[in-house]
Amino acid sequence: MTLPEVIGNKFLYFAYGSNLLAKRIHIKNPTAVRKCIGKLKNHRLDFFYYATRWGGAPSTVVPAQGENVWGAIWEIDMENLDSLDKQEGVHRGVYQPLSLPIETPRGETLICRVYQLVNNPDDFPTKNGVMLDERKPSYSYIQVLINGAIESGLPEYYVEFLKSVEHNGNLGKPELISSLNLNLTQNIRSD
């Protein structure tokens, strides 16, 4: 398999969602090592599709001129490629893997595997300025993103942006929350 994100027997993966958190990515991908952080330029973070295990909409990246999505760049052994694809629902047609350029804070451009929802939203609809319920992530999901962003060292303004994302109040599947040892007491917006 020839992929632009492959380097020897490893590949680079850009995580902007739940896999920002080391404990989350290591559940199915134990060889993952956080290499650095980076941003996907001209894309925005969005939420779409209902994920039962999370109890809400997971994240995706949507092309959007002038916007950036920050995330962690993981270096992972090729032996975990199938498990990462499975975790992201590639075989079920939920997410599709893309090879995209990610810019690091040092100005390097790294080609990374990035997962995007197959049925990506076209816009970010709101009703009277409030995000529609079907587009909201669960409380636990956004908490994982916040904790992962802090753990990864993403810029403070981006962490604050994540804290401002409206959630639906759901906690998701108890076994998932338990496996991540989530502290669900951090103050985040709950409109």
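Restricting attention to segment 181-191, does a residue exist that is touching a strand residue (DSSP E or B) at 6+ places or on another chain (Cβ under 8 Å) and either of a type in the set (G, A, S) or modelled with pLDDT under 95 (or both)?
Checked segment 181-191: at least one residue is touching a strand residue (DSSP E or B) at 6+ places or on another chain (Cβ under 8 Å) and either of a type in the set (G, A, S) or modelled with pLDDT under 95 (or both).
Residue check: is I111 over 13 Å from the mean Cα position of the chain (by Cα) and either crowded, with 16+ Cβ neighbours inside 10 Å or in a loop (DSSP other than H, G, I, E, B) (or both)?
So I111 fits the description; yes.
Could you check segment 109-128 and list, in sequence order, the residues that are at pLDDT 95 or above and over 19 Å from W54 (Cα atoms)?
Result: T109, L110, I111, C112, R113, V114.
Taking only segment 131-160 into account, find how many residues are in a helix (DSSP H, G or I) and either in contact (Cβ under 8 Å) with a residue 24 or more places away in the chain or acidic (D, E) (or both).
Residues flagged as in a helix (DSSP H, G or I) and either in contact (Cβ under 8 Å) with a residue 24 or more places away in the chain or acidic (D, E) (or both) within segment 131-160 amount to 19.
Which one of the conditions (1) outside any loop (DSSP other than H, G, I, E, B); (2) exposed (fewer than 14 other Cβ atoms within 10 Å of the Cβ) does N68 fail to meet, given that it meets all the rest?
(2)
Please specify each residue of segment 27-56 satisfying the condition of being within 14 Å of Y16 (Cα to Cα) and crowded, with 18+ Cβ neighbours inside 10 Å.
I37, G38, K39, L40, H43, L45, D46, F47
The values are calculated or read from the model by the stated rules, or taken from the named source; none is laboratory data. Everything numeric here is computed off the predicted structure, so don't read it as measured data. Note that each Cβ is placed from the backbone with ideal geometry, even for glycine, and that neighbours are counted across all protein chains shown.
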